[in-house]
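Chemist: Sharing a structure with you now.
The values are calculated or read from the model by the stated rules, or taken from the named source; none is laboratory data. Predicted model only: the values in this text are computed from it and were never measured. Reconstructed Cβ throughout: ideal geometry from the backbone, glycine too, with neighbour counts over all protein chains shown. Just so you know, the surface numbers come from the protein's heavy atoms only, side chains and all, with ligands and any DNA or RNA stripped out. Shrake-Rupley method; radii C 1.70, N 1.55, O 1.52, S 1.80 Å.
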Amino acid sequence: RKLAEEARLESEHQLAMELDATQRLEVTSIQLIPQDDAGALYERILDAAVAIMRSDMGSMQIVDEGHNALRLLAFRGFDQEFGRIFELCAADAKTSCAVSLRVGHRVVVPDVDTCDFLAGTPALDDLRRTGIRAVQSTPLVSRTGRVVGMISTHWRQAHEPAAGDLRLLDPLARQAADVMERAGAAAALRQSEAQLRDSAGKLEEAVRARDELLSTASHE
């Protein structure tokens, strides 16, 4: 009877946690609609991810194709030293996020001290120095199937994420990918507009110079 009661309480606790996580996703979805500040959206998404995964820390990265790396966008629960160490993570690095980028699916490391691909690497030393004992990295995949970024959550103790928590993280990852795509498209549009304005300015200057030359020639 005692075991049955404990199981019931655990089930109710899990349901409460999943309800809270679902509500966080709904709020995040609503907030994403009117918000134009991509940086603020990344912060909100990361806060939701940390809450859903019940992690101690979290980070979000974007694919930097120019450097063939993952560039850090936002982080939670770390000091500024973490931002310096992980500002740019090479695509061929032996870290959970880089491995996830290469294989194209989620990578879970329940204990960094027993992880095969981390053994004997500088990355393991960095993880220990920043207090990370467990980590999961989930790729942010665009609607066209391209990996545009990464969202990771970290724990100070060895930890195996619950399947239910990971399921709740997936729609949040899709939202993050959409935000990154929209932000990238908006940045490309702004760059094109700036180039057009620059070209128009140069054309106007050339026309003005031509007109002045013709006016001078006519006067002479």
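Chemist: Which residues, taken from the range 116-139, are in a strand (DSSP E or B) and touching a residue at least 60 places away in the same chain (Cβ under 8 Å)?
Modeler: GLN136
Chemist: Restricting the search to the range 138-153, which residues are under 13 Å from LEU72 (Cα atoms) and of a type in the set (S, T, N, Q)?
Modeler: SER152
Chemist: Another one. List every residue pair whose Cβ atoms lie under 6 Å apart, where the two residues are 6 or more positions apart in sequence or sit on different chains, the first residue falls within the range 97-115 and is among the polar types (S, T, N, Q), and the second residue, located anywhere, is open to solvent by less than 30 Å² (accessible area, probe 1.4 Å).
Modeler: Within 6 Å, the pairs are SER100/VAL107; SER100/SER137; SER100/PRO139.
Chemist: Among the residues of the range 35-55 satisfying the criterion of being under 19 Å from ARG106 (Cβ atoms) and either out of contact with any helix residue (DSSP H, G or I) (no Cβ under 8 Å at 6 or more places or on another chain) or of a type in the set (S, T, N, Q) (or both), which is surrounded by the most Cβ atoms within 10 Å (Cβ to Cβ)?
Modeler: It comes out as LEU46.
Chemist: Working only within the range 69-78, note down all residues that are open to solvent by 10 Å² or more (accessible area, probe 1.4 Å) and in contact (Cβ under 8 Å) with a residue 24 or more places away in the chain.
Modeler: LEU73, PHE75, ARG76, GLY77, PHE78
Chemist: If we keep just the residues of the range 75-98 that are among the charged types (D, E, K, R) and outside any loop (DSSP other than H, G, I, E, B), which is modelled with the highest pLDDT?
Modeler: Filtering first and then ranking leaves ARG76.
Chemist: Within the range 52-74, can you find the residues that are more than 12 Å from LEU88 (Cα to Cα), assigned to a strand (DSSP E or B) and not small (Gly, Ala, Ser)?
Modeler: Across the range 52-74, the qualifying residue is only MET57.
Chemist: So for the range 154-163 (the condition being open to solvent by 50 Å² or more (accessible area, probe 1.4 Å), closer than 18 Å to VAL112 by Cβ, out of contact with any Pro (no Cβ under 9 Å at 6 or more places or on another chain) and outside any loop (DSSP other than H, G, I, E, B)), does at least one residue qualify?
Modeler: Scanning the range 154-163, I find no residue that is open to solvent by 50 Å² or more (accessible area, probe 1.4 Å), closer than 18 Å to VAL112 by Cβ, out of contact with any Pro (no Cβ under 9 Å at 6 or more places or on another chain) and outside any loop (DSSP other than H, G, I, E, B), so the answer is no.
Chemist: I would also like to ask the following. Quick test for you: out of SER137, SER96, pick the one residue that is open to solvent by less than 10 Å² (accessible area, probe 1.4 Å) and on the phi < 0 side of the Ramachandran plot.
Modeler: The conditions single out SER137.
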